[in-house]
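The values are calculated or read from the model by the stated rules, or taken from the named source; none is laboratory data. In this text the structure is predicted, and so the values were computed from the model without any measurement. As a convention, Cβ positions derive from the backbone with ideal geometry for all residues, glycine included, and neighbour counts pool all protein chains shown. Protein only, heavy atoms only, side chains kept; ligands, DNA and RNA dropped before computing areas. Shrake-Rupley method; radii C 1.70, N 1.55, O 1.52, S 1.80 Å.
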Amino acid sequence: MPHSDISTQRILIFGASIFEEGVAYLLTIGTDLQVAYAKYTDELAFLDDIVQNRPNVILLNESTLLDLARILNMLFSIPSLAGLRVIIIRLSDNMIDVYEMPKQAVARNEYERQQFIVTKPDELVAIVRG
């Protein structure tokens, strides 16, 4: 379930490339964000990492081989993850897709999507903070 302490947000980044390391660096320099890494191996391990880290935000890279639509549907079908935000970074056009599950899940797969163009580190931090 997402961490409920608003003062300290927990970010869970899935991936182990230099890109994810760079994003983690940008999110931790001069911020109070707590950033953790996890490697996606399968759905069970993915969900276990989420339960153990209790993130407010999950960050994914669109250029990975993951089925992002399947992951979103899986995450947002779990009522205990109400309020979770999933951010997908698209390297091809500097776009970021932000999916947010309502605080009170009323229907399966009900979530909002917002898109942002990010060109500066402080813009990324602001979007991750919400």
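In table form, for the structure just shown:
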item	result
Residue, nearest to Asp48 (Cα to Cα), within segment 11-23, restricted to residues that are open to solvent by 70 Å² or more (accessible area, probe 1.4 Å) and either at pLDDT 90 or above or of a type outside the set (Gly, Ala, Ser) (or both)	Glu21
Every pair of residues 6+ apart whose Cβ atoms lie under 7 Å, when the first sits in segment 82-101 and is of a type in the set (Val, Ile, Thr) while the second is outside any strand (DSSP E or B) and open to solvent by 30 Å² or more (accessible area, probe 1.4 Å)	Ile88/Glu62; Ile89/Glu62
Strands (runs of 3 or more DSSP E) lying entirely in segment 24-130 (those with 2 or more residues that are farther than 14 Å from Phe14 by Cα and open to solvent by 40 Å² or more (accessible area, probe 1.4 Å))	112-117
Residues (closer than 21 Å to Val125 by Cα and among the aliphatic types (A, V, I, L, M)) located in segment 23-49	Val23, Ala24, Leu26, Leu27, Ile29, Leu33, Val35, Ala36, Ala38
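To keep it simple, each residue is scored yes or no on (1) at pLDDT below 90; (2) more than 17 Å from Glu112 (Cβ to Cβ).
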position: Val35; (1), (2): no, yes
position: Ala38; (1), (2): no, yes
position: Val57; (1), (2): no, no
position: Asp67; (1), (2): yes, yes
position: Arg70; (1), (2): yes, yes
position: Asn73; (1), (2): yes, no
position: Ser77; (1), (2): yes, no
